[in-house]
1. Regarding ILE71, is this residue more than 22 Å from ALA11 (Cβ to Cβ), in contact with a helix residue (DSSP H, G or I) (Cβ under 6 Å, 6 or more places away or on another chain) and among the aliphatic types (A, V, I, L, M)?
2. Find the residue count for the stretch 7-49, including only residues that are small (Gly, Ala, Ser), surrounded by 15 or more Cβ atoms within 10 Å (Cβ to Cβ), assigned to a helix (DSSP H, G or I) and under 16 Å from the mean Cα position of the chain (by Cα).
3. Being modelled with pLDDT under 95 and of a type in the set (Lys, Arg) is the filter here; which residues of the stretch 48-100 pass it?
4. Collect the residues in the stretch 57-69 that are loosely packed, with under 13 Cβ neighbours inside 10 Å and either touching a Cys at 6+ places or on another chain (Cβ under 7 Å) or not in a loop (DSSP other than H, G, I, E, B) (or both), keeping them in residue-number order.
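The values are calculated or read from the model by the stated rules, or taken from the named source; none is laboratory data. Everything quoted here is computed from the prediction, not taken from an experiment. All Cβ positions, glycine included, derive from the backbone under ideal geometry; neighbour counts span all protein chains shown.
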Amino acid sequence: MDERQALLAFAALAQETRLRLLRQLVTAGPEGVAAGTLASEVAAPASTVSFHLKELEQAGLIASRREGRSIIYNAAYPALSGLIAFLMKDCCQGRPEVCTPAVDALNACCAAVGEVRA
């Protein structure tokens, strides 16, 4: 991820409803969630949710697909990983204790849902 992409992502996330939508999609997993369900989950009107989903999709943080009459949205995990990597890439500067808390937090999160750590 380059700086321009990171700025687009952060700009998209700098809004409460969009951040809530993205967190719902991350929690939902790769299967994704229908737009109508997302609107209910974040307690926002469908038209507002559609606008915010479009912004997140333009920033590359989510993707959509059509299933029948529904549009299903899912988190773009590679983009989210790229954003985290962008932030953390130069954090250690030869001092792993600087990044260790963030790495430990991510490892604990993944272990909590049953993923095997390498």
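1. Answer is yes for this residue.
2. 4
3. Of everything in the stretch 48-100, those that are modelled with pLDDT under 95 and of a type in the set (Lys, Arg) turn out to be ARG69, LYS89, ARG95.
4. Within the stretch 57-69, GLN58, ARG65, ARG66, GLU67 qualify.
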